[in-house]
Amino acid sequence: MDVLIVGAGVGGLALANGLVARGHGVRVLERAEGRRDSGAAVTLFGNGKAAAAGLSAPLDGLGGRIDELEIRGADDRRYGLTDLRLMARRTGFAVETVPRAALLRRLTDLLPDGTVEYGAAVVEAVPEGAVVDAAGVKKTADVVVGADGYRSAVRRSILGDGDARRNGWSSWQGLTAVLPELANGTHARCYVGPAGLCGLMPAGGGLLQWWFDTQGTPGERPVTDWLADRFSPYPKPVTDLLAAVAPQDVHEYPHVLHEVKDRWGEDAVTLLGDAAHAFPPSQAQGANQALEDAWLLAKALDGAGPVDDLLRRYEKVRARRVRRVSRLAASEITNRMPNAVGRFAGTVLSPTMAGRAHLALIRRFSSVLNTDRI
């Protein structure tokens, strides 16, 4: 089968690896002029790593291992500690925070040379199995997969709706060699209070992935000054971090949301990842759900029957899973703690119990951990 994938992000490249391993013909069209080596980091949980392994794209050892996740308030009071090693034991994959550049490099390097065509902007998709590029050239395939992000041209063509909508929150984030006592460990920490959330996660190689989830914009002010004012009541290491980073280190990642539709495509066209179901990053499942999409779609295309039937069955199964995480992420609940629920959970749940609860939650979102069938 000849498959054309629009977008060389995490989900599109992972799908390409899985399809190549299964003997399909694969072309990936990417609008950027080269591989994207910028950006911060993503957290890969057991479900995402298991999906990648099933796509012949192992992702172990690319970043910083996370064994524990601690939640503290703006007053520095501990509200919870989650032992993530249980997930590693149950799934066979450690939780890692991985620089996006390293992730894309691994997924690209595993593909045969020439699989990815850069500088190939797609402006329209055709349900029968074709895309039109910016030069007006039509390219056909047995299957077209829109993996082109939350501003997907494929989605716009096929579903007729617009880009994902912003919800007023943003992550102001960076990936730098700062706070070595945290960057070189396996302990992640989040501080939550009236201004929002500050997250600190080791990302390997002495790098720390850090972000500030908050509402509003800095206007004309330097973003670091604006964040320093908003988060000034928070304890060290939050204030130390803001004193150590420069405005050029900070990049905005807007929180956006797509309606998760029952049907993601038409005829020979479908979607995966943010093109299908963009949601805020508060559950750290964006890349993981894109990998899950790719895993199930590759399985679907191994099946017998008309292509449109295979694609609609894939969409039905994945919509049920991803709708759960989308609703939770859209609530921005982790950015509004410590609330009564958070205080209660942090008081009564041991780190091991919290780890079990977190794994159970991830399973609710996961096709691969439940071996969903098409």
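Any read-out appearing in this document is the output of simple, stated calculations on the displayed coordinates, not a laboratory observation. Given the structure is predicted, the values throughout are model-derived calculations rather than measurements. Reconstructed Cβ throughout: ideal geometry from the backbone, glycine too, with neighbour counts over all protein chains shown.
Would you order 255, 277, 187 from fewest to most other beta-carbon atoms within 10 Å of each residue's own beta-carbon?
Ordered by Cβ neighbours within 10 Å, fewest first: 187, 255, 277.
Determine the sum of side-chain charges near residue 142: Lys and Arg each +1, Asp and Glu each -1, restricted to other residues whose C-beta is under 13 angstrom from that of residue 142.
Working: positive: 27, 139; negative: 2, 128, 267, 308.
Every neighbour counted, the sum reads -2.
Relative contact order of the chain, please, whole-number percent, based on alpha carbon pairs below 8 angstrom and at least 6 residues apart.
Over the chain, the number comes to 22 percent.
Label-point separation (nm) for residue 324 and residue 181, each offset 7 Å from Cα along Cα-to-Cβ?
Inter-label distance under the simple model: 3.9 nm.
Sketch the reach of a paramagnetic label on residue 21 as a point 7 Å from Cα along Cα-to-Cβ, and name the residues of the stretch 275-292 whose backbone nitrogen lies under 20 Å away.
287-292
Under 1.5 on a/c is rounded, so check that first for the stretch 178-325, then, if it is not, pick prolate when a/b is larger than b/c and oblate when it is not; a ≥ b ≥ c are the square roots of the alpha carbon gyration tensor eigenvalues.
prolate
With a Förster radius of 30 Å, plug the Cβ-Cβ distance of residue 142 and residue 262 into 1/(1 + (r/R0)^6) and report the FRET value to the nearest 0.05.
Efficiency, from the Cβ-Cβ distance: 0.80.
Charges only on Cβ, +1 for Lys and Arg, -1 for Asp and Glu: so what's the dipole of the stretch 219-311 about the Cα centre, in debye to the nearest 20?
That gives the stretch 219-311 a dipole magnitude of about 400 debye.
For residue 124 and residue 336, calculate 0.36 nm times their separation in residues minus their Cα-Cα distance, and state this gained length in nm to one decimal.
Extra length available between residue 124 and residue 336 comes to 72.4 nm.
Placing +1 on the Cβ of each Lys and Arg and -1 on the Cβ of each Asp and Glu in the stretch 284-324, which of 304, 288, 322 has its Cα farthest towards the positive end of the resulting dipole?
Farthest along the dipole direction, towards plus: 322.
From the Cα gyration tensor of the stretch 1-125, with a ≥ b ≥ c the square roots of its eigenvalues, which class applies: rounded if a/c is under 1.5, or else prolate if a/b is larger than b/c, or else oblate?
prolate
Within the chain, count lysine pairs with alpha carbon atoms under 26 angstrom apart where the residues are 8 or more positions apart or belong to different chains.
So the count works out to 7.
Is the C-alpha gyration tensor of the stretch 36-106 telling us rounded, prolate or oblate? Criteria: a/c under 1.5 is rounded; beyond that, a/b larger than b/c is prolate, otherwise oblate.
Verdict is oblate for the stretch 36-106.
What number in nm² do you get for the chain if you take the convex hull of its Cα atoms and divide its surface by four?
Mean shadow area of the hull around the Cα atoms is 17.3 nm².
What ranking, highest mean first, results for peptides 73-84, 47-58 when packing means the other Cβ atoms within 10 Å averaged over each residue?
Working: 73-84: 17.9, 47-58: 24.2.
Ranking, from highest mean packing down: 47-58, 73-84.
Within the stretch 190-207, find all residues whose amide N lies under 14 Å from a label point positioned 7 Å from the Cα of residue 215 along Cα-to-beta-carbon.
From the stretch 190-207, the list is 193-197.
Between 0 and 90 degrees, rounded to the nearest ten: what's the tilt of helix 286-300 against the longest Cα principal axis of the chain?
Helix 286-300 sits roughly 30 degrees off the main axis of the chain.
Among DSSP bridges having both ends in the chain, what percentage is antiparallel? Round to the nearest 5.
70 percent
Pop the C-beta distance of residue 229 and residue 316 into the FRET formula with R0 = 41 Å and round what comes out to the nearest 0.05. Numbers along the way, then the final one.
Details: r = 48 Å, r/R0 = 1.16.
Efficiency for this residue pair is about 0.30.
Pairs of alpha-carbon atoms within less than 8 angstrom and 6+ residues apart define the contacts here; what relative contact order does the stretch 172-307 have, in percent?
Worked out over the stretch 172-307, it gives 19 percent.
Quick check: the angle from helix 351-365's long axis to the longest principal axis of the chain, C-alpha only, nearest 10 degrees?
In the chain, helix 351-365 runs at an angle near 20 degrees to the longest axis.
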